[in-house]
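All of the numbers you see were taken from the coordinates with simple rules; none came from a lab. Owing to the predicted nature of the structure, the values given are computational and were not obtained by experimental measurement. Please note: Cβ atoms are built from the backbone with ideal geometry, for glycine as well, and neighbour counts cover all protein chains shown.
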Amino acid sequence: MAAAGGERGRTSFQRRPGAGPRPSALPGTRPSLRHGQLLLSSGLPSLDCVLGGGIAVGTLLLIEEDKYGLYSNLLFKYFLTEGIVCGHDLFVASAKEHPDNILKELPAPLLDDTYRKELGDEAAVVNSEDFQDSMKIAWRYQNLPKMETSPTTYTKFGHYYDISKKMPPELCQSVKRHSFYLHEELSFEPKMKAWNMNSGYARLLQSIQRIISQEGFDGSDPQKKQRNVLRIGIQSLGSILWGDDVCCSDTPEDPHSLTKFLYVLRGLLRKSLSACIITVPSHLVQNKAIMERVTNLSDMVVGLESFIGSERETNPLYKDYHGLVHVRQIPRLNSLICDVSDTKDLAFRLKRKLFTIEGHLESSTLLSTIKVIFSF
Amino acid sequence: MKIWLLTHGQLVFLEGLKSCLDLLFGEEQQPGQPSPLQFVSSCDLRALFDFVRLSLAPCGSASWKGPVLLVDDLSVLLSLGATPVAVLDFIHYCRVSVCCQLQGNVVVLVHSSEDSEDEENELVVNSLCHHSDLILWAQGLATGFCKDVHGQVRHSPAEQDLVQIYQYKIQDRNVTFFAPGLSAAVL
């Protein structure tokens, strides 16, 4: 692929045919074109697209849980599973279920052959429904595969998972896992009294800071040859099980604990090679002022709204989808602007073991059939 | 939260995140030197103001006229446990030291929105608007998302009753401003 050189003023950079992208020093990461930070995949390539390429190392992704927590739990698991497949270390914190149980329930990665077969099935279903006539107009696109490229061939960024199958235990145990189960932790140390924060959150911060400094994720250990990334997952932060009453009272006893926690956590993330996903039951938080502050203190905020039990379940506009995705915040790192897709109306669906996010408004027109083919 | 202070020909910078981590995870503080982020545990912004005051203190014979204090952003102080009155007191003290005594400028960033339910934040914002000489209010377009116009800025100086509106488009490293109706989408 040789460029035209100086004639039209283009660069004379020539990409060597057959050579894939240069592997970055850290597994499972790639640099962002916009701001040069290292990006991690969230485990869901369509979510990576929505977030402007992926989750930057050192940032915090907050997921506002859907009503029953089903789909936010899926995103949580995708993030952890992606960490295992890339060889990253994991830190799982929960007050609801033991992290070991969470790690036993992770979805299995889709290998190349099974992946193509899944896509083949999808394409066959799409073709056989009522799109046969419309495909005649768009005949050029008919024989192209549904996705641009299979993710596990030459890029190691972004994988697909099958939630109907569990991850094999030997793969799960191939990475270092740290866990924090609130009800098994010791009572808080006296030094933390000065923090003026909910004890559960304070203990969690202490635990995270200890792991970061002991395992050298903050660069404090120059002897460590192979640097790695730490993926932190915190489940249902702010729920009553953490000892915080923001979800049951309009005037909580300590309205600043959650926001202080997020501030200090972001400080820890910024100075280490880590990224964090937090799910928050925002629909339960009574005091909306706290949710506004929580949004301002996070880097990326994505809200999920599922259609279960709402009148949208039977609305024909949403018949192909299971819920809506609201992107509330995207960070601007090292730049005044960020990469966002132009489609602001996003919906998600869980179809045939694959979870996808795409724009939904044109789903009933011909144009959307072409769009569905090229969507992630 | 970050504080920049341009004084004595130098830039003094306080990085809130780092100071907070040093306070919470570092060694015990010396009694004579409280951390500027002390308010995270004690709800008192005096230490933060002391940091500003000590940085402004004249060193040597020359006194610096016209220091600039930048605060980014004030809404975070509320999230960290400071009361609205404490935040307003802090800004008042800063204004007196920087603007009145040294003829400098103070620039403060706050988050707000018209349908915000954060009453404490709105209290701080309204009070600041009342005491400010110039208010720049950046907001999205009322008509929704547009690729060529990212939003508009309302420029309202205190003394005059005149509100000017400029629309803007953000690029990678700078922002272009233009009058409403003169965006690239229209021309």
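How many nm is it between the label spots at A:Ala194 and A:Ile337, if each spot is 7 Å from the Cα in line with the beta carbon?
Distance between the two pseudo-spin positions: 4.7 nm.
Can you give me the angle between helix B:84-95 and the longest principal axis of chain B, using Cα atoms only, in degrees from 0 to 90, rounded to the nearest 10?
90
Long-range amide H contacts for A:Val92: which residues qualify at under 5 Å (H placed 1.01 Å from N, peptide plane, sequence gap of 5 or more or a different chain)?
Hits under the 5 Å cutoff: A:His178, A:Ser179, A:Phe180, A:Gly233.
Using Cβ counts within 10 Å as a stand-in for footprinting exposure, how do A:Arg270, A:Arg210, A:Arg231 rank, fewest first?
With the fewest neighbours first, A:Arg270, A:Arg210, A:Arg231 line up as A:Arg210, A:Arg270, A:Arg231.
Taking neighbour Cβ counts within 10 Å as the exposure measure, how do A:Ser41, B:Ser41 sort from fewest upward?
B:Ser41, A:Ser41
So what J values fall out for region B:158-175 if you push phi through Karplus, 6.51 cos²θ - 1.76 cosθ + 1.60 with θ = phi - 60°, rounded to Hz, Gly and Pro as x?
Calculated HN-Hα couplings, in order: 5, 5, 8, 8, 9, 10, 9, 10, 10, 9, 9, 10, 8, 10, 4, 10, 8, 10 Hz.
Angle between the Cα long axis of helix B:46-56 and the longest principal axis of chain B, 0 to 90 degrees, nearest 10?
The helix B:46-56 is inclined about 80 degrees to chain B.
Give me a single rounded figure for A:289-297: the average over its residues of other chain Cβ atoms within 10 Å of their Cβ.
5
Please report how far the C-alpha centroid of region A:57-88 lies from that of region B:134-163, rounded to the nearest whole angstrom.
Answer, in whole Å: 37.
With θ set to phi - 60° and the Karplus curve 6.51 cos²θ - 1.76 cosθ + 1.60, what are the ³J(HN,Hα) couplings of region A:70-77 in order, to the nearest whole Hz, using x for Gly and Pro?
Rounded to whole hertz, the list is 5, 7, 5, 5, 5, 4, 4, 5.
Helix B:16-25 versus the longest principal axis of chain B: what is the Cα-based angle in degrees, 0 to 90, to the nearest 10?
It works out to around 40 degrees.
Hey, can you grab everything whose amide H is under 5 Å from the amide H of A:Arg328? Only 5+ residues off in sequence or another chain; H modelled, so Pro and N-termini drop out.
Close amide H contacts, sequence-distant or interchain: A:Val301, A:Val302, A:Gly303.
In whole Å, what is the distance between the alpha-carbon centres of region B:167-181 and region A:216-294?
That distance is 35 Å.
Please list the non-local residues whose amide H lies under 5 Å from the amide H of A:Leu106, H modeled 1.01 Å from N, same-chain partners needing a gap of 5 or more.
Sorted by chain and number, the residues that satisfy this are A:Met167.
Using the Karplus curve 6.51 cos²θ - 1.76 cosθ + 1.60 with θ = phi - 60°, work out ³J(HN,Hα) for each residue of region B:127-143 in order, rounded to whole Hz, and write x for Gly and Pro.
Coupling constants for region B:127-143: 5, 5, 4, 5, 9, 8, 8, 8, 10, 10, 10, 9, 8, x, 6, 5, 8 Hz.
Treat the count of other C-beta atoms within 10 Å as a stand-in for reagent exposure and order A:Trp242, B:Trp64 from fewest to most.
Ascending Cβ contact count within 10 Å gives the list B:Trp64, A:Trp242.
For a paramagnetic label modelled at 7 Å from the Cα of A:Asn315 toward its Cβ, which residues of region A:52-88 fall within the zone defined by backbone nitrogen distances under 18 Å?
So the set is A:66-68.
Counting DSSP beta bridges with both partners in region B:2-132, what percentage is antiparallel, nearest 5?
That works out to approximately 75 percent antiparallel.
What do you get for Rg/Rh over region B:2-132 if you use C-alpha atoms and the Kirkwood form of Rh?
0.98
Past 24 Å, Cα to Cα: identify those pairs from A:Lys77/B:Lys2; A:Lys260/A:Lys288; A:Lys319/A:Lys344, in the order given.
A:Lys77/B:Lys2
How far apart, in nm, are the 7 Å Cα→Cβ label points at B:Asp133 and B:Ser116?
Spacing of the two 7 Å Cα→Cβ label points: 2.4 nm.
First measure r as the distance between the Cβ atoms of A:Leu284 and B:Phe145, then evaluate 1/(1 + (r/R0)^6) with R0 = 25 Å and state the FRET efficiency to the nearest 0.05.
It comes to 0.25.
If all Cα-Cα distances of region B:133-187 are sorted into 10 Å bins from 0 onward, what percent lands in each bin, rounded to whole numbers?
24, 50, 22, 4
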